[in-house]
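Here the structure is laid out as structure tokens; the discussion comes afterwards.
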Amino acid sequence: MRNLIVVAGMALFLSSCAVNQGILLEYSPEAHEKIISSRTISVDVSDERPFIKDKTKPPSFIGKFRGGYGNPWNAYTDGKIPLSQVFTQDLIKEIKALGLQLQEANADRIIKVEIRDYNFDACINGRFWYEIRLSVLDRSNAVLRENTFKDEIEVKGSVLMGAAGSFKNKLPEIHRDLLRKMIRENPQVIDALR
């Protein structure tokens, strides 16, 4: 019984440390066949989550963990970087990896991303959900292509790792897969960018 109490105490301590450190969502795109296009691309990401717009949560908020009694702790991106900035940096990496030409202003194509939801709630197990709207616009802001990416994913924790350890491992994979779906694995968006 004493060992069980020690293990539970260590798990609680380790999970609270992981919560305070933030979750790293850095995307490293894999090599891909270059897309042939002479068009320039810019990226415009906005965080439209209601609790960000009304300033009840900071722009780096990505979810909450719950302790044994259900008391919540906020979780943030690593370094408390605004989520819109994380998406912008990752989309720029993806554009470069695909061989497309980046241009900050007056680009031929604009990738406009609205983060409508990106959140999780976790105790030992948890769920993560997102809704991202991606539009490809031309120079005159006419919409060439629109997609909404929406999902809810269950993340299993463990007694030893708790939700914090599980989310710290799983959320970067979910983020990576979402970014791939947005452009790389989306033939209609690639066609609109050509």
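The values are calculated or read from the model by the stated rules, or taken from the named source; none is laboratory data. As the structure is a computational prediction, the values presented were derived from the model and not from experiment. Don't worry about glycine lacking a Cβ; one is built from the backbone with ideal geometry, like all the others, and counts go over all protein chains shown. Just the protein is used for accessible areas: all its heavy atoms, side chains included, with ligands, DNA and RNA removed. Shrake-Rupley method; radii C 1.70, N 1.55, O 1.52, S 1.80 Å.
At-a-glance table
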| quantity | calculated |
| --- | --- |
| Inter-label distance, nm, simple model (7 Å from Cα along the C-beta direction), Asn106/Lys181 | 3.7 nm |
| With every protein chain in place, the chain: carbon and sulfur % of accessible area (1.4 Å) | 52 percent |
| Cleavage-rule hits, GluC sites (Glu not before Pro), segment 91-146, DSSP coil, Cβ neighbours within 10 Å at most 15 | Glu104 |
| Cα-based Rg / Dmax (Å) for the chain | 18.9, 69 |
| Dipole moment magnitude, nearest 20 debye, segment 91-194 about Cα centre, only Lys, Arg, Asp, Glu C-beta charged | 240 debye |
| Acute angle (nearest 10 degrees) that the helix 2-21 long axis makes with the longest principal axis of the chain, alpha-carbon atoms | 30 degrees |
| Gap separating the Cα centres of segment 125-142 and segment 64-111, nearest whole Å | 12 Å |
| Model label zone, Trp129; criterion: amide N under 19 Å from point 7 Å along Cα-to-beta-carbon; scope segment 136-170 | 148-157, 167 |
| Solvent-accessible area per residue for the chain (1.4 angstrom probe, square angstrom) | 54 Å² |
| Members of Lys150/Lys170; Lys55/Lys156; Lys55/Lys80; Lys64/Lys156; Lys156/Lys181 lying beyond 21 Å, as alpha-carbon distances in this model show | Lys55/Lys156; Lys156/Lys181 |
| Segment 110-181: Cα Rg divided by the 2.2 N^0.38 Å rule of thumb | 1.39 |
